[in-house]
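First comes the structure, then the notes that go with it.
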Amino acid sequence: MMSTEFILPSDFSLHKDSVEALEKAVRAFVGNHREVFDVVLYGSTVIGKPSPNDIDIMILMKARLHPVEVRSLVLELKAELKGILPGKRLDVRAMGLEDLFDPNNLASLGVVIEGLSLTRGKPLAELMNGEAYTLFRFTLRGMERKDRVRFQYALRGRDGKGGILKELGALQLGAWVVLVPLKNTYRFKEFLDLWGVGYEAFTLLKGADLFYRL
């Protein structure tokens with residue numbers, strides 16, 4: 001089983017004290033608002049995008065509230081976090097738990113798969129006994145033979161047990177299909193871009209193993 005431990009990107013510029021202050025502020029915010037279930041960090045920061053344009057934060061409410069109340073919650077949390085994350089652009093939003101099941105809510109899937117609970121310090125996927133990944137399917141069409149060999153070495157190492165796969169904790173499922181822990185999505189994307197490899201990618205939530213080898 002691959003690790004789902006959350007690690008902030010190296011360029012996120014947060015010291016340990018800042019991370020602890022962020023979690024403390026969020027726990028206090030949730031504690032002061034009985035209508036709030038959790039506060040979740042999601043989006044490009046969680047999947048490892050270098051220098052993300054903003055930091056996406058979702059307030060999960062136990063039920064839908066009046067728009068005025070929602071706005072008040074958003075502004076309060078944003079003001080609190082700006083003091084902890086100076087210079088960072090914060091995109092703070094809110095939704096009710098029932099909105100997670102609204103097919104018209106385009107943010108719900110990202111929150112569930114990418115989300116990191118700031119009150120519990122763990123990915124939502126892990127809290128639901130699952131693991132979040134990105135599945136890459138790519139092709140080497142048009143690549144010269146010598147470059148294909150070099151690409152394979154970079155991907156898996158000369159012994160087939162190293163390379164970028166080992167570095168990122170990724171798993172090769174087929175000839176050109178790789179499963180990457182969500183937090184390393186952008187690093188593998190950059191690897192493929194560097195080699196000029198065409199690909200498509202899908203985020204997915206893996207549940208607990210149902211079958212075991214005896």
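The values are calculated or read from the model by the stated rules, or taken from the named source; none is laboratory data. Predicted model, so just to flag it, every value in this text is computed and none were measured. Ideal geometry is used to build each Cβ from the backbone, glycine not excepted, and the neighbour counts take in all protein chains shown.
Residues that are touching a strand residue (DSSP E or B) at 6+ places or on another chain (Cβ under 8 Å) and among the aromatic types (Phe, Trp, Tyr) do not occur anywhere in region 147-156.
Residue under question is Asp99, and the condition is that it be within 26 Å of Leu41 (Cα to Cα), not aliphatic (A, V, I, L, M) and not in a strand (DSSP E or B); does it hold?
Yes: the conditions hold for Asp99.
Screening Leu140 on (1) surrounded by 15 or more Cβ atoms within 10 Å (Cβ to Cβ); (2) in contact with a Gly (Cβ under 8 Å, 6 or more places away or on another chain) shows it passes everything except condition (2). Within region 25-79, the set of residues being without any contact (Cβ under 8 Å) to a residue 60 or more places away in the chain and either charged (D, E, K, R) or in contact with a Cys (Cβ under 9 Å, 6 or more places away or on another chain) (or both) comprises Arg34, Glu35, Asp54, Asp56, Lys62, Arg64, Glu69, Arg71, Glu76, Lys78.
From the list Thr119, Thr139, the lone residue that is under 28 Å from Asp193 (Cβ atoms) and either assigned by TED's automatic domain parsing to the domain that holds Val39 or at pLDDT 90 or above (or both) is Thr139.
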